[in-house]
Structure formats: structure tokens, C-alpha cells
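Data block below; observations after.
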Amino acid sequence: MACESTIKFRGKVTEPYLVLNSITTTDSILAPFLSKSLFIFSEEANDSTNFIISDGTVHLFVNGIFKETLVPFIDEKGKPTGAYLSTYKTTAGDTIRLEAFAPGFDTITATSYFPARSTIVSLDTTITKDSIGSTLMIECKLTFSDNAATTDYYRVYATLSFDTIHSVRGVQTFRKEIFRSQDAIFNNEDGQFTGNRYHIFDDKKIAEKIDSVKFTMSFVLPESAFNASISVDLQTLSKDTYTYLKSLNDNNSMFGNMAMEPVKIYSNVQGGLGIVGGITSNVVTVGLSR
């Protein structure tokens, strides 16, 4: 017969923090999400809507100058989402600062920037098919130029897209991320590949001014597919964005290892929690044919 016992929590109940999250790519409006932290064992934490801050205020500053007060985004049902929208679209070279506050909380701030666009030299692809021609294996080599005078942070983001025709809904577009790589550029500081799920790296691993990344994309292309293409985005990341994604990578690699201490998720929000970061995209697209 099994027995159960309830252990009463005797630790300190932490006060809620204001949380601000916004990672934005260039040529996009900002849509930061404002929320609050909740004690994990509280009843409030059982309902995700309790995290949302609907009566907050978020100010945007661009290159040190006040730009606008962001507008709360309300969904189609008239409910607050916690997102606050700008009209301003970011561009490479911008430095942004977000200031946010809400009733019962002090003002929190975060600053980040949008780095210069990456320089892609070439994207070379080799396509092979299986015996029945339905599975495509694409080997890619992305060559790029790195500015030796600056410290740069990168992410490779590769997607497949194609259209099909549905009998009722008409033309439908499908898009998904497909990426596999054992390139040493994605290894950690110890030279080990531990599962770099965000495909990030910094230029410390680049020995020469010109370098390349190798990866593969494997997928089944439906017979009805047309307008098929792959897009490779060599993103440059702000240091904040890179550090945040790296902390997620490191934390994920520790999962299930009881002998290791958990990795603290990086935050650059002063007075609260969260991440504000910038990404500058540079996309190369290659069309596919059967």
C-alpha cells in the first residue's frame, strides 16, 4: 500500500518582478511583451493569463531620442495580450532603449542595438535525391566575410518553403526550419558539440577574414509542391541576443544531468527580468526543382 505525505514549503516567497521580452529583427516593428513573474507554487501561477500586464506603459527611445509610447495590442476577442506595439521599424545601426512600468512596480529599462548586416560571399548547394525521388538532401556551404575590426555574433537560420493547392482552401504556403550541422564553428568553448539548437557562433572561431559554414537540409517534397525554395539567413546578433540564446543552449545541454548546476538564463533588463535584443537579417534564397 502506497503512502503519501505533504511537505509544507518553508522557503521564502519571492515578490513578483516586472518582465520585459523583445527580440526584434530589422525592418520590423517592435512588439515587446510585458508580464510579471509569479511564485511557482502560488495559485495565480496555474493560469497563464495572470502573468499578463495589461495596464502597463512602454516607452521607446531610438539612438537616445524619445520616439513613441507603444500601444497595447488587443486580440480579436477584445482581450489584452501583454504585447505593446510600435509604429517605428528598426534598422541596422539603431540603438534602442525600452522603458516600462505598471501599477505596483518600479520602472524597468533595457538597451540593445541592431548590428551591421552580414556580408555573404556565396551560397553553394549540392542536391541529391533518394531512389524514388521524393526525399531531397541538400548540402550547403555558406561563405561569408567577417569584419576583423569588430566582435561579431552570428546565427544561421535556414528554411524550406513551397506551395500546394488545396481543393477547398486554394493555394497554401508551407514553411519550416530544416537544419542539421556538425560544423566545428557551432562547437562550445571546449570544442565539443553539445546541441547548438539556435545555430549561433561568434567570430572568435573564425581564423581568417573569409570563412564558411557547412550544413545539410533533408526533407520530403510532396508531388503537388511548386514554387519550392530554401532560404538561408545569416543573421548578425546584438551581444545581448547572442548571450541570451547561448544561455538557453547551455541550460538545455545540462537538462537531466543532476550533477551539474543549472545555467542562469541571461537578462539585460535593469530593475526586472527579461531580454531585449536586436537581430539584423541577410537572406539568400535558392529555388528548387525536381
* In region 67-117, residue farthest from the chain's Cα centre (by Cα) [restricted to those that are surrounded by fewer than 19 Cβ atoms within 10 Å (Cβ to Cβ) and of a type in the set (Gly, Ala, Ser)] -> 104
* Structure fact -> For residue 176, the lone unmet condition from (1) at pLDDT below 85; (2) assigned to a strand (DSSP E or B); (3) surrounded by 18 or more Cβ atoms within 10 Å (Cβ to Cβ) is (3)
* Asked: out of contact with any His (no Cβ under 6 Å at 6 or more places or on another chain), outside any strand (DSSP E or B), at pLDDT below 95 and farther than 17 Å from residue 31 by Cβ, is that true of residue 131?
  -> yes
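The values are calculated or read from the model by the stated rules, or taken from the named source; none is laboratory data. Quick caveat: nothing in here was measured; it's all calculated off a predicted structure. Positions of Cβ are generated from backbone atoms using ideal geometry, with glycine treated the same way; all protein chains shown enter the neighbour counts.
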